[in-house]
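Written below as structure tokens is the structure these notes are about.
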Amino acid sequence: MKLGVMIFPTQATPTPGQIAVELEARGFESLFLPEHTHIPTSRHSPYPGGGELPAEYWSIYDPFVGLMQAAAVTKKLIIGTGICLVTEHHPVTLAKLVASLDVLSGGRFIFGVGAGWNAGEMEHHGTPFAKRWPILRERILAMKQIWTEEKAEFHGEFVDFNPLWSDPKPLQKPHPPILMGAFAKFAFPRICEYADGWFPIYGPDLESDLIVLRKMWREAGRDPAGPQVTALFVPPEAAALDRLSALGIERAVLGLGQINLDQVCKKLDQWQPLISP
């Protein structure tokens, strides 16, 4: 079982680079950073976690900047978005960001993606909430063209560009793994069409959900090895990790809160015995 960590990095926490150094020193496999460019003050989208939205949601660093800092101070640590809100990016510039980070990190990037839940936030970026999923689809398909074709071209309803050149290409071929972050089974057809795996939040329905996803994956004619699966916000307990391992899930990601460097180090020291040999 690969063991990673996710944090909402803000000015109240250590920097992504500081956390990355501590993770690699203790043998953790990966670091994931989330994305919110801002939070509208209207707050008409309820927080999926329930209750008040934590203040760190509008205070986090840009994930690509943070992950580049983490990559620069480590040698083996896997870095990833958890998740990138593709609905808030132009696909040509996002394709450049992803490819650049993958090359400069030595091929260590995992591209966690999602459509987002905050209607006001994505509408500030020009994405109507009701259109978020078809827009996400076209942007990912367009980026795949940019990453894999010398002269990329895409013509869709929401993304349209004539042949273009864009280098560098990602170091990982054909591109970094694309893991879809989504709560429910409605995402499974999308994963099977244009993603490489699933990035679920740990919960009681994982077993039944994975049966459905893997069946749809096989029916779609995808890689017989199955979709890659990384579970997020996993309890730091051996029983939870054993459960994921038995389900064939590749990676568990533990969550760090808004704590200082000393507290981060103590927490990582507590979790280190959970790392598989």
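What follows draws every value from the coordinates through simple rules; no lab data is involved. From a predicted model like this one, the values you see are computed outputs, not experimental measurements. Glycine gets a Cβ as well: all are built from the backbone with ideal geometry, and neighbour counts include every protein chain shown.
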Please specify each residue of segment 192-216 satisfying the condition of being among the acidic types (Asp, Glu) and either assigned to a loop (DSSP other than H, G, I, E, B) or in contact with a Phe, Trp or Tyr (Cβ under 6 Å, 6 or more places away or on another chain) (or both).
Asp196, Asp205
Identify all residues within segment 217-242 that are assigned to a helix (DSSP H, G or I), within 22 Å of the chain's Cα centre (by Cα) and under 30 Å from Lys266 (Cα atoms); write none if there are none.
Ala240, Leu241
Quick test for you: out of Thr81, Thr74, Thr93, pick the one residue that is of a type in the set (Ser, Thr, Tyr), more than 14 Å from the chain's Cα centre (by Cα) and closer than 30 Å to Asp160 by Cα.
Thr93
Note: among Lys215, Lys173, just one is surrounded by fewer than 17 Cβ atoms within 10 Å (Cβ to Cβ), basic (Lys, Arg) and farther than 25 Å from Ile79 by Cβ, namely Lys215
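Identify the residue in segment 125-176 that is among the aliphatic types (A, V, I, L, M) and in contact with a Gly (Cβ under 8 Å, 6 or more places away or on another chain) and, among all such residues, is farthest from Cys192 (Cα to Cα). Quick ask: steps written out before the conclusion?
If we filter segment 125-176 for residues that are among the aliphatic types (A, V, I, L, M), which is where we start, we get 130, 135-136, 140-143, 146, 152, 159, 164, 171.
The next check asks that each one be in contact with a Gly (Cβ under 8 Å, 6 or more places away or on another chain); those that pass are 136, 141-142, 171.
Details: Leu136: 14, Leu141: 13, Ala142: 17, Leu171: 23 Å.
That would be Leu171.
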Across (1) over 21 Å from the mean Cα position of the chain (by Cα); (2) part of a loop (DSSP other than H, G, I, E, B); (3) farther than 30 Å from Trp133 by Cα, Gln272 clears everything bar (2)
Ile191 vs. criteria within 28 Å of Lys96 (Cα to Cα) and not small (Gly, Ala, Ser):
yes
Within segment 133-180, how many residues are part of a loop (DSSP other than H, G, I, E, B), in contact with a strand residue (DSSP E or B) (Cβ under 6 Å, 6 or more places away or on another chain) and closer than 18 Å to Leu101 by Cβ?
2
Can you list residue pairs whose Cβ atoms sit under 6 Å apart, with the first residue in segment 121-149 being over 21 Å from Tyr47 (Cβ atoms) and the second being of a type in the set (S, T, N, Q) and surrounded by fewer than 22 Cβ atoms within 10 Å (Cβ to Cβ)? Count only pairs 6 or more apart in sequence or on different chains.
Ile146/Ser166
